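Engineer: Here it is, the structure, as C-alpha cells.
The values are calculated or read from the model by the stated rules, or taken from the named source; none is laboratory data. Keep in mind that this is a model prediction, so the values were computed, not measured. Ideal geometry is used to build each Cβ from the backbone, glycine not excepted, and the neighbour counts take in all protein chains shown.
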Amino acid sequence: MVTLGVLAGISHQPAVLEFARILSDIFMRLLKLVSLPIISFSLLATLTGMGKWSEIKNLGQHVIRYTVITTLLSAVTAWALYIIVEPEAAIQVTVNQDITGIKDASYLNALLNIFPSNLLQPFLEHNVMGVMFITIFLSFAVVQLPAEKRDYLHQLFDSLFSAIMVIIRWITALIPFAVWAFIVEFTQEVQKGLKIGELASYLGIIVAANLIQASVTLPLMLKKNGIPPLQAFKTMLPALSLAFFSKSSAAAMPLAMQCSHRCGVSNKVSQFSFPLCTSINMNACAAFILITVLFVAENYGVHFTFFERILWIVMASIAAIGNAGVPMGCFFLSCALLTAMGVPITMMGVILPFYALLDMLESAINIWSDACVTLIVNKKAE
C-alpha cells in the first residue's frame, strides 16, 4: 500500500487525488466518531470493575500507586525531551487554511469547561476534559452502590465498551486503504514542503522517551526496591517479545504471568496485578499522547505556555490510564484531545503509517512496566 500510495501521489491524477482525499476524510470522521466513547466507556468499565474503594487495600493500593508513578514519570520524560529538542513545524500552514476555529489552548481560561451543565454537553462539544470529569465522577458514584446494582452497571458499561470495540475492529479493517490514502496525501505534502527532518524528530522523541523509560526509569525503580533489573528483564523477555510482535500487551499477559512466577511472584499477586496493570498501566501511551498532541497542535499554530505544557503531563497520564488496552488506543485518544481543541487531525494521517512500528515498541514497554509494578508489589507484599 505504501508503494502504491507513493506512485499515486506522484502521478498527479486529479481523480486519484480526490478519491484519496475523500477516503482519508471518511476515515478521520470515523476516528472522531469513536474517540469520545472510547475514553468514556473504557474508563467506566475499568473503574466500576474495581469494587468498593474500601476493599482496595494493600495490593490494590500498591498497584494503583506505582501505576500512577510510572505513568507520570513516562510523561515527564517525554515532556523533558520535547522541551529540549523543541521540534519545529513540519508543515507550512497558511492563514485561513486549516487552523480556522482552533480554540484557545489555555486551561486557565477553559477551566469552567471541565464542569459541564448537563451530561450531553461535553459529547456534543467534543470536550474531552468534561467527558473525563463526568466519567470519573460517575465511576466514583457507581462503586459506592450496593453490590447488585454496582455489578449490573459494570456489566452494562463493559458491554457498551465491547460494542465500541466491535466498531473499532470494523474501522481498523479499513486501515490498509486509509494508509494508501494517507501516503498519497503525504507524498503531496512532501512536494509542497513537508519537513521530513522535523517529522523524524517527533518520532525520535517518542522512541527515545520510551527507551529511557524502559532502560533507565523502570530499572532504577526495581533496584531501589531490591530487585535485580537485568535478571528481571531476562526472565520477562519472552513476554516482552510476544508483546512486541503481537502489538498487544493484553495478548502477552498470560505469558507475562508465567514469567513473573520464575521471578518469585506469587499467584495471588500476579493474578491481581497483571490484569489491573494491563487495563490502567500504559506508560508508553502517556508519552505518545503528550508528544503527539503538543507536536500536532503547535504545527497548526496553537501556542502553549510553559505552565500549560506541564498541565498536559497530567492530562496525558489520565488519558493513558483510561486507555484500557484499546487497540490503537493511544492514536484514538490523541485524535480526541486534538479535536477537543479544534485542531485539525489531518496530520494524524501522516503519522498513521509510522504508528504500526511505534505500537510494537509501546506494547513491549507497557508489558515491561506491568512486570516491574508486579515485581515491586510482590516485594511489598512479602
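Engineer: Taking the residues in segment 247-257 that are surrounded by 13 or more Cβ atoms within 10 Å (Cβ to Cβ) and without any contact (Cβ under 8 Å) to a residue 40 or more places away in the chain as candidates, determine which candidate is farthest from MET360 (Cα to Cα).
Structural biologist: Initial filter on segment 247-257 (surrounded by 13 or more Cβ atoms within 10 Å (Cβ to Cβ)): 247-253, 255-257.
From what is left, the residues that are without any contact (Cβ under 8 Å) to a residue 40 or more places away in the chain are 251, 255, 257.
Working: ALA251: 13, LEU255: 17, MET257: 20 Å.
In this case the residue turns out to be MET257.
So that you can scan it fast, the table gives a plain yes or no per residue for (1) within 15 Å of the chain's Cα centre (by Cα); (2) farther than 19 Å from ALA78 by Cβ; (3) of a type in the set (Val, Ile, Thr):
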| residue | (1), (2), (3) |
| --- | --- |
| GLN271 | no, yes, no |
| TYR300 | no, yes, no |
| PHE306 | no, no, no |
| ILE310 | no, no, yes |
| MET328 | yes, no, no |
| PHE331 | yes, no, no |
| VAL343 | no, no, yes |
| LEU357 | yes, no, no |
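Engineer: Assuming ALA340 fulfils every condition listed in (1) surrounded by fewer than 24 Cβ atoms within 10 Å (Cβ to Cβ); (2) closer than 27 Å to SER241 by Cα; (3) in contact (Cβ under 8 Å) with a residue 40 or more places away in the chain apart from one, which condition is it?
Structural biologist: Unmet for ALA340, out of (1) surrounded by fewer than 24 Cβ atoms within 10 Å (Cβ to Cβ); (2) closer than 27 Å to SER241 by Cα; (3) in contact (Cβ under 8 Å) with a residue 40 or more places away in the chain: (2).
Engineer: Also, I was wondering about something else. Let me spell it out: the conditions are (1) over 21 Å from SER74 (Cα atoms); (2) in contact with a helix residue (DSSP H, G or I) (Cβ under 7 Å, 6 or more places away or on another chain); (3) free of Cβ contacts under 8 Å to residues at least 40 places away in the same chain, and CYS263 meets all of them except one. Which number is the exception?
Structural biologist: Among (1) over 21 Å from SER74 (Cα atoms); (2) in contact with a helix residue (DSSP H, G or I) (Cβ under 7 Å, 6 or more places away or on another chain); (3) free of Cβ contacts under 8 Å to residues at least 40 places away in the same chain, CYS263 violates only (3).
Engineer: I've got another one for you. When the residues of segment 139-177 are narrowed to those that are within 22 Å of the chain's Cα centre (by Cα) and either more than 27 Å from ASP359 (Cα to Cα) or of a type in the set (Lys, Arg) (or both), which ends up surrounded by the most Cβ atoms within 10 Å (Cβ to Cβ)?
Structural biologist: SER139
Engineer: Please list, ordered by first then second residue, the pairs with beta carbon atoms under 7 Å, 6 or more apart or interchain, first in segment 54-80 and more than 18 Å from LEU220 (Cα to Cα) and aliphatic (A, V, I, L, M), second surrounded by fewer than 17 Cβ atoms within 10 Å (Cβ to Cβ) and modelled with pLDDT under 90.
Structural biologist: Hits for this filter: LEU59/ALA381.
Engineer: Sticking with this structure for a sec: Can you run down the residue pairs with Cβ atoms below 6 Å, 6 or more apart or on separate chains, where the first is in segment 138-166 and on the phi < 0 side of the Ramachandran plot and the partner is among the charged types (D, E, K, R) and part of a helix (DSSP H, G or I)?
Structural biologist: VAL142/ARG150
Engineer: Can you report the number of residues in segment 347-375 which are in contact with a Ser or Thr (Cβ under 8 Å, 6 or more places away or on another chain) and farther than 23 Å from LEU276 by Cα?
Structural biologist: Final tally of qualifying residues: 3.
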